[in-house]
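Colleague: Let me begin by handing over the structure; questions about it come next.
The values are calculated or read from the model by the stated rules, or taken from the named source; none is laboratory data. Here the structure is a predicted model, which is why all the values come from computation and not from measurement. We place every Cβ from the backbone using ideal geometry, glycine too, and count neighbours over all the protein chains shown. Just so you know, the surface numbers come from the protein's heavy atoms only, side chains and all, with ligands and any DNA or RNA stripped out. Shrake-Rupley method; radii C 1.70, N 1.55, O 1.52, S 1.80 Å.
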Amino acid sequence: MCHMKNLTRIMLVNLLIWLSLAVHAAKVTSNEFNPAISLILNGTYSQFSNDPDDYVIPGFALAEETGPGEEGFSLGESELTMSANIDDLFYGSFTAALTAEDSVEVEEAYIETVGLGKGVTIKAGRFYSGIGYLNSKHLHSWDFRDQPLVYRAMLGNQLADDGLQVRWLAPTEFYLEFGIEGYRGEGFPAGGAASDGKGSTTLFVHTGGDYNQSNSWLAGLSLVNAEALDRETGDPAEIFTGDSELVIADFVWKWAPNGNPKQTNFKLQVEYFMRSENGTYQGNPYDADQDGYYIQAIYQFIPRWRVGLRYDSLSADDPGLAFAGTALDTQGHDPERWSVMLDWSRTEYSRLRLQYNADDSGTESDSQLYLQYVMSLGSHGAHSF
Amino acid sequence: MKWIMFIALLLVSGYSYAQQQINVFACEPEWASLVQELAGDKANIYTATTAFQDPHHIEARPSLIAKVRRADLIVCTGSGLEVGWLPLLLRQSANPKVQPGQAGYFLAGDQVVRLEIPEKVDRSMGDVHAEGNPHVHLDPNRIAVIAEALSKRLVQLDPINKIFYEQRRKDFLAKWKTAIVKWQQQARLLEGVSIAVNHNSWVYLFEWLGIQQVAVLESRPGIPVSASYLAQLKHRLADVPVKMVIYAAYQNDRAAIWLGKEMNIPVVQLPYTVDGADNVVDLFSLFDVTIERLLRALEA
């Protein structure tokens, strides 16, 4: 373990030396032949009324490392991304993240076709799935410090895995895109790379457009079919083997006067998750449904300043007496959470955020306070919708 | 079943429509207007932004992705102006015709010499562009150069209509050159005049007309104006004969109005691009109105 850590440190140092050389060679300007490099620095000060090590959501078998995070000062996931067109047909992107455990993790590493034609785009490697609205968004573009409870409980924050994605953009006047993905089946809610390393598949459709010059929208429907083989939850681990099927409906509405978001803008975002898992949990036959949603609104009331409000709700079937005392025991509790945040950006590259959660996802209410910075340096980030 | 037929109909109509005209995606209204001058009804033009939007700060909205998917030609400024959204649109569109290097990819800024190319770029300097100041459309001489190149590109994409495009180019450039002479005569009084600006969008206009830019209200490009910096600026400008302060239709007017009041000089909103004022319907009226408003402020 110690040896592994040293190895990752050495790798990181090498990466940084290489990075500084690359940046020097490119004179900071975007050089067509060098990859665009962007580094996200992210850090948090957190204060909780409960011990985050005891965090559970009764009724939900959680993935590893899902919870409110560490207390006190901590480096959040800082990310390093390198991306470029490989040639006229391929684009490549690589994102390494420094995790809370001080190890380096490959978050995304993929290639993608560029201008293949007929509206088709193929992506291969490790990447965030295109399901839902928030799933493919990197941490620096989140509007809150943490993910909505539905993402935390049912996708282990975000679904990422090794696989292949094919998208087709319809040649319509409005936006209409279909996607299909096949994955290895390691990323939660899958586990254990079932079916010879072809353990999960997804399907999604997104559509959207402009209602008028000031208002735009995006909506989607996604399906995830994941096979779990000895998927572990908690410590000591509880084991689940079976199928996890998830449906996500998402909707985003954005408003900016005359379509100019610089002064003020508003964003309303809703996602609904409905999941059914069946198989064996700790050796007992298990078949139960869970659902949940979040709704959030972000308002930039003057340039640089934004406020946000979010409500999260989850609900799980009572799986029966056989599961009393396990993570699936709902204890008669319906998890919910309220969050408010205020953030300030000097430029689009820097952001400071204050967030408060009244978290009733566990049986005991928790007050969570976060003070966070998210800064990006290097190449100009993309303004995705 | 009905909705399947409806979608099929949409798809078919999309394809057949595309064959009659060149589908043009113009990032900004000035280029939509220029394509209109050069291609007339041979082009079906979609304009991605309006005069009331800041072309630096656009999101890759779903509607824009759908339009780039169907485009035969994109006409944008380049020089980093659309860096936050155009590359994303191009990647998501999966459209081979408009990728960099293809005939369907036209950047106006690349056709002309740009001003203010920095020796060194650092984000602490604000939103500066390594490729130079991108607001090239405010110099009519540069527009003429861009028009030549754009017209050639139209011929390349649609060779059957070569004669048509060449005739339109000749007609446009003849009218344009006459207009330039007229504007230069009208604007003689503006030569040497000192002006404060909200954002550094006017260097090409000022270079053409010999106007002196003495101050920028943003302390750094793209960073909102701060009260303390404005107070400093007022102090610094006390001994400078500033005749007016100008800002673009899409920009916040508060800082300009404050400085105008404090210094007792006219505050002028300029259209900046086509549709930026009621009577600005094309590139000709853009310069007509711009010069008229500057002259009116000078007389005030």
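Colleague: Considering every residue within the stretch A:335-351, establish whether at least one is in contact with a helix residue (DSSP H, G or I) (Cβ under 7 Å, 6 or more places away or on another chain), surrounded by 15 or more Cβ atoms within 10 Å (Cβ to Cβ) and more than 14 Å from chain B (Cβ to nearest Cβ).
Modeller: Yes - at least one qualifying residue is present in the stretch A:335-351.
Colleague: Looking at B:K162, B:K152, B:K170, B:K175, which is the one that is open to solvent by 80 Å² or more (accessible area, probe 1.4 Å) and either among the β-branched types (V, I, T) or touching a residue at least 12 places away in the same chain (Cβ under 8 Å) (or both)?
Modeller: Step by step, each of B:K162, B:K152, B:K170, B:K175 is checked, and only B:K175 is open to solvent by 80 Å² or more (accessible area, probe 1.4 Å) and either among the β-branched types (V, I, T) or touching a residue at least 12 places away in the same chain (Cβ under 8 Å) (or both).
Colleague: Any residue at all in the stretch B:228-238 that is in contact with a Leu (Cβ under 6 Å, 6 or more places away or on another chain), under 21 Å from B:L298 (Cα atoms) and not aromatic (F, W, Y)?
Modeller: No, because not a single residue in the stretch B:228-238 is in contact with a Leu (Cβ under 6 Å, 6 or more places away or on another chain), under 21 Å from B:L298 (Cα atoms) and not aromatic (F, W, Y).
Colleague: Further question on the same structure: What residue, among those in the stretch B:204-222 that are assigned to a helix (DSSP H, G or I) and touching an Asp or Glu at 6+ places or on another chain (Cβ under 6 Å), is nearest to B:L81 (Cα to Cα)?
Modeller: Ranking the qualifying residues of the stretch B:204-222, first place goes to B:Y204.
Colleague: Okay, moving on. Name the pairs whose Cβ atoms lie under 7 Å apart, with the first residue in the stretch A:134-151 and closer than 16 Å to A:L371 by Cβ, the second crowded, with 21+ Cβ neighbours inside 10 Å and of a type in the set (A, V, I, L, M, F, W, C), and 6 or more positions between them or separate chains?
Modeller: As it stands, the answer is A:F144/A:M341, since those pairs meet every condition given.
Colleague: Pick from the stretch B:111-138 the residues that are away from chain A (no Cβ under 13 Å) and among the charged types (D, E, K, R): which of them is surrounded by the fewest Cβ atoms within 10 Å (Cβ to Cβ)?
Modeller: B:E116
Colleague: Let me ask something else. Among the numbered criteria (1) within 12 Å of another protein chain (Cβ to nearest Cβ); (2) within 15 Å of A:K123 (Cβ to Cβ); (3) surrounded by 16 or more Cβ atoms within 10 Å (Cβ to Cβ), which one does A:T202 miss?
Modeller: All conditions pass for A:T202, except number (1).
Colleague: With A:Q282, A:Q300 as the choices, which residue is open to solvent by 30 Å² or more (accessible area, probe 1.4 Å) and of a type in the set (S, T, N, Q)?
Modeller: A:Q282
Colleague: Kindly indicate whether any position in the stretch A:93-111 is among the aliphatic types (A, V, I, L, M) and within 14 Å of chain B (Cβ to nearest Cβ).
Modeller: yes
Colleague: Taking only the stretch B:285-296 into account, find how many residues are in contact (Cβ under 8 Å) with a residue 24 or more places away in the chain and either open to solvent by less than 10 Å² (accessible area, probe 1.4 Å) or touching an Asp or Glu at 6+ places or on another chain (Cβ under 9 Å) (or both).
Modeller: So the count comes out to 5.
Colleague: Please go through the stretch A:316-364 and pick out each residue that is without any contact (Cβ under 8 Å) to a residue 40 or more places away in the chain and hydroxyl-bearing (S, T, Y).
Modeller: A:T347, A:Y349, A:S350, A:Y356
Colleague: Restricting the search to the stretch B:44-63, which residues are in contact (Cβ under 8 Å) with a residue 24 or more places away in the chain and part of a strand (DSSP E or B)?
Modeller: Scanning the stretch B:44-63 gives B:N44, B:Y46, B:A60.
Colleague: Starting from residues that are open to solvent by less than 30 Å² (accessible area, probe 1.4 Å), more than 10 Å from every other protein chain (Cβ to nearest Cβ) and not hydrophobic (A, V, I, L, M, F, W, C), keep the ones in the stretch A:362-385 and report whichever is nearest to A:D51 (Cα to Cα).
Modeller: A:D366
Colleague: Are any of the residues in the stretch A:16-38 surrounded by 15 or more Cβ atoms within 10 Å (Cβ to Cβ), aliphatic (A, V, I, L, M) and either touching a His at 6+ places or on another chain (Cβ under 6 Å) or at pLDDT 85 or above (or both)?
Modeller: Yes, the stretch A:16-38 contains a residue that is surrounded by 15 or more Cβ atoms within 10 Å (Cβ to Cβ), aliphatic (A, V, I, L, M) and either touching a His at 6+ places or on another chain (Cβ under 6 Å) or at pLDDT 85 or above (or both).
Colleague: Here's a follow-up. If B:A71 satisfies every condition in (1) within 17 Å of A:Y175 (Cα to Cα); (2) open to solvent by 10 Å² or more (accessible area, probe 1.4 Å); (3) more than 10 Å from chain A (Cβ to nearest Cβ) but one, which is the exception?
Modeller: Of everything listed in (1) within 17 Å of A:Y175 (Cα to Cα); (2) open to solvent by 10 Å² or more (accessible area, probe 1.4 Å); (3) more than 10 Å from chain A (Cβ to nearest Cβ), B:A71 misses just condition (2).
Colleague: Please go through (1) open to solvent by 10 Å² or more (accessible area, probe 1.4 Å); (2) assigned to a helix (DSSP H, G or I); (3) assigned by TED's automatic domain parsing to the domain that holds B:G222 for B:G192 and return the number of the only condition it doesn't satisfy.
Modeller: Result: B:G192 fails condition (2) only.
Colleague: Also, quick follow-up: From the set of residues in the stretch B:242-260 that are over 20 Å from B:V203 (Cα atoms) and away from chain A (no Cβ under 14 Å), which is surrounded by the most Cβ atoms within 10 Å (Cβ to Cβ)?
Modeller: Once the filter is applied, the top-ranked residue is B:L259.
Colleague: For the stretch A:118-132, what are the residues that are within 14 Å of another protein chain (Cβ to nearest Cβ) and open to solvent by 10 Å² or more (accessible area, probe 1.4 Å)?
Modeller: A:K118, A:V120, A:I122, A:K123, A:G130
Colleague: Sticking with this one: Consider A:A153 carefully, then state whether it is open to solvent by less than 30 Å² (accessible area, probe 1.4 Å) and in contact with an Asp or Glu (Cβ under 7 Å, 6 or more places away or on another chain).
Modeller: In short, no.
Colleague: Determine which single condition A:F144 fails, assuming it passes every other condition in (1) in a loop (DSSP other than H, G, I, E, B); (2) open to solvent by 50 Å² or more (accessible area, probe 1.4 Å); (3) touching a strand residue (DSSP E or B) at 6+ places or on another chain (Cβ under 7 Å).
Modeller: In the conditions (1) in a loop (DSSP other than H, G, I, E, B); (2) open to solvent by 50 Å² or more (accessible area, probe 1.4 Å); (3) touching a strand residue (DSSP E or B) at 6+ places or on another chain (Cβ under 7 Å), A:F144 misses (2) alone.
Colleague: A further question on this structure: Go through (1) open to solvent by less than 40 Å² (accessible area, probe 1.4 Å); (2) within 12 Å of chain B (Cβ to nearest Cβ); (3) out of contact with any Asp or Glu (no Cβ under 7 Å at 6 or more places or on another chain) for A:D87 and report which single condition fails.
Modeller: (1) is the only condition that A:D87 fails.
Colleague: Just checking, does the stretch A:264-277 include any residue being within 11 Å of chain B (Cβ to nearest Cβ) and over 20 Å from the mean Cα position of the chain (by Cα)?
Modeller: For the stretch A:264-277, residues within 11 Å of chain B (Cβ to nearest Cβ) and over 20 Å from the mean Cα position of the chain (by Cα): present.
Colleague: State yes or no: is B:A66 at pLDDT 95 or above, within 8 Å of another protein chain (Cβ to nearest Cβ) and outside any loop (DSSP other than H, G, I, E, B)?
Modeller: Yes; evaluated as a whole, the condition is true for this residue.
Colleague: If you scan the stretch A:173-183, which residues turn out to be buried (at least 19 other Cβ atoms within 10 Å of the Cβ) and either away from every other protein chain (no Cβ under 14 Å) or touching a helix residue (DSSP H, G or I) at 6+ places or on another chain (Cβ under 7 Å) (or both)?
Modeller: Selection gives A:Y175, A:E181, A:Y183.
Colleague: Would you confirm whether any residue within the stretch B:223-241 is open to solvent by less than 30 Å² (accessible area, probe 1.4 Å), farther than 27 Å from B:N141 by Cα and assigned to a loop (DSSP other than H, G, I, E, B)?
Modeller: yes
Colleague: To continue, here is another question. Suppose we keep only residues that are of a type in the set (V, I, T) and within 7 Å of chain A (Cβ to nearest Cβ) within the stretch B:48-63. Which one would you say is nearest to B:T290 (Cα to Cα)?
Modeller: Applying the filter and picking the extreme gives B:T50.
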